[in-house]
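No lab work stands behind these numbers, since they all come straight from the coordinates. Since we're looking at a predicted model, the values are computed, not measured. Please note: Cβ atoms are built from the backbone with ideal geometry, for glycine as well, and neighbour counts cover all protein chains shown.
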Amino acid sequence: MIITKSAREINLMKEAGRVVGLVFKRLEETIKPGMSTLDIDVIVESTMLENDCIPAEKGYYGYPASACVSVNDTLIHGIPSNKIIIREGDIVSVDIVATYKGYSADACRTYKVGTLTERANRIVDVTKEAFFEALKVVKPGAHIGDISEIVQKYVESHGYNVVREYTGHGIGAHMHEDPSIPNYGKAGTGPVLTPGMALCIEPMVLEGRKDVRVLGDGWTVKSKDGKLTAHYENTVIVTEDGYEIITMYEGEE
Ligand code: MF3
Ligand code: CO
């Protein structure tokens, strides 16, 4: 069941989204070679708490941290650790969820650390572009499958693959709500968008084969072939005539 949000609920989600943006702004200025992925988690958690938000990932199905920090061949759900050190040339995705007065906003950025290889640079750009391509069709009357098809076609046309086991989702009083938003599919299929829906659109992209494996920690999802991966996500509200992104900071490109 898809739960559309009232104006009051959307305002609470916007405050959560503002804080998510604030975290990204801070991270953009701070991520440097030599930092551990746990250092990133500390920044995420303290920024949220200082801004009256709860880091919703902590404790979610037992998840042990406030952020998912996924480096290079880790696609999603990388558990922050003081043993994972970020190096020059890495691509580091930081996926976070803030909850304000019971309402959540969820987003992810893949950061480029220092000078990248052309390979690494390109997958990060294509992943972000896939999100913005799909966004163009978001308005009342569109189908979820329209988003899915655009993401898949855009990603595959650049020689990459989308993951099948994990999808985007609705969000609100719960981190994961209906509808599921796969990164693959057919236009004209799936639920129809209406004003007040809150959607997490999140291309998760593999440089090589689409297959992934989950590590023994039960969370970390890596590409099976060890090739690069990238992830980009925003929480988007469907409006009367289009959409509004609520998890970008002012001036973010
Ligand atoms: N933020 C992720 C998403 O995009 C979910 C993280 S799972 C958690 O849906 F356990 F870390 F919370
Ligand atoms: Co999400």
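Placing one equal scatterer on every Cα of the chain and applying the Debye formula, the log10 ratio I(q)/I(0) at q = 0.08, 0.13, 0.17 Å⁻¹ is -0.27, -0.75, -1.33.
For the chain, the relative contact order is 23 percent, taking Cα pairs closer than 8 Å that sit 6 or more residues apart in sequence and dividing their mean separation by the residue count. Each residue of the range 108-116 was assigned a 3J(HN,Hα) from its phi angle through the Karplus curve 6.51 cos²θ - 1.76 cosθ + 1.60 (θ = phi - 60°); the sequence is 9, 10, 10, 8, 9, 9, x, 7, 9 Hz, with glycine and proline shown as x.
Note on E165 and T189: their simple-model spin labels are 2.2 nm apart, each label 7 Å out from Cα toward Cβ. Taken about its Cα centre, the chain carries a charge dipole of about 440 debye when Lys and Arg each add +1 at the Cβ and Asp and Glu each add -1 at the Cβ. Here the Karplus relation 6.51 cos²θ - 1.76 cosθ + 1.60, evaluated at θ = phi - 60°, turns the backbone of the range 120-136 into coupling constants of 5, 4, 5, 5, 5, 5, 5, 5, 5, 4, 4, 4, 6, 5, 5, 4, 4 Hz, with x for every Gly and Pro.
P195: net charge of surrounding residues, Cβ under 10 Å, Lys/Arg +1, Asp/Glu -1, itself excluded?
Value of the local net charge: 0.
Relative to its residue count, the range 1-128 spans a Cα convex hull of 120 Å³ per residue. What is the range 117-204 by shape, rounded, prolate or oblate, if you read a ≥ b ≥ c off the alpha carbon gyration tensor as root eigenvalues and call it rounded for a/c under 1.5, prolate for a/b larger than b/c, and oblate otherwise? Verdict is prolate for the range 117-204. Rounded to the nearest whole Hz, the Karplus-based 3J(HN,Hα) values (6.51 cos²θ - 1.76 cosθ + 1.60, θ = phi - 60°) of the range 66-73 follow the sequence 8, 9, 9, 10, 10, 9, 6, 7, with x at glycine and proline. Under 5 Å between amide hydrogens, built in the peptide plane, is the criterion, and for M204 it picks out V163 among residues at least 5 positions away or on other chains. For Y111, the residues 5 or more places off, or on other chains, whose built amide H falls under 5 Å of its own are V92, S93, V94. Measuring max minus min along each principal axis, the C-alpha atoms of the range 139-180 give extents of 37, 25, 10 Å (largest first).
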